[in-house]
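The values are calculated or read from the model by the stated rules, or taken from the named source; none is laboratory data. Since we're looking at a predicted model, the values are computed, not measured. Accessible surface areas use protein heavy atoms only, side chains included; no ligands, DNA or RNA. Shrake-Rupley method; radii C 1.70, N 1.55, O 1.52, S 1.80 Å.
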Amino acid sequence: PEKSLPVAAAAVAAIAGDRAVTWAVTDTAAQLAMLDIPSSVTVLPLGALQPDDLHDAMRAADVVLLPAERELFGNVTGEAMALGCAVVGADAGATPEVIGDAGVLFDSGDAGAAAAAVTSLLDDAGRRARLGAAARRRIGDRFALASMEAGFDGLVRSLAADRES
């Protein structure tokens, strides 16, 4: 529920009105069975994948849709970006900070906006490639372990200094 699967399903259904869609989703078949997914959508319920298999699935995707409305630093977001995927994410939680200008954001909870964002990327291979490259650079530049450790260290030292004064 916290990943907003119904928003993703509604977006995929809207996209499938104009084109053939194969939706690879890592949720269980039981969760998918509760959703109204048109028969024109081929669903690949991947279940819990091993990291290498998940990375292969992401690399094969034209677009990675991340509709979660309450996401801190989402591992899937970071992994997709590190793999150079074109990412569409909800403008909620920490997703906008993570994606920045290296992906496309849509109004959280708005399946129509998610569908429009994904469709715009499906229709523009050059933009997908540019965003994928930008995503890979952004994760490497802003969220590499060393820079995150340095930022955390700086924050802790700043808080400690404030407490002492």
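So here's what we get for this one:
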{"read-out": "Interchain or long-range residues, amide H under 5 Å from residue 106's placed H", "value": "89, 90, 91"}
{"read-out": "Solvent-accessible heavy-atom area per residue, rounded to whole Å², over the chain at 1.4 Å", "value": "57"}
{"read-out": "Placed amide H near residue 43: partners under 5 Å, 5+ positions off or other chain", "value": "23"}
{"read-out": "Accessible surface of residue 39 - all protein chains present, 1.4 Å probe, nearest 10 Å²", "value": "130"}
{"read-out": "Residue-averaged 222 nm ellipticity for the chain, from DSSP H runs of 4+ at -39500 (n - 2.57), nearest 500", "value": "-16500 deg cm²/dmol"}
{"read-out": "Candidates 143, 73, 152, ranked by Gaussian network fluctuation over the chain, Cα under 10 Å, top entry", "value": "152"}
{"read-out": "Exposure of residue 88 as accessible area (Å², to 10), given a probe of 1.4 Å and all protein chains", "value": "0"}
{"read-out": "Solvent-accessible area of residue 162 with every protein chain in place, 1.4 Å probe, in Å² to the nearest 10", "value": "100"}
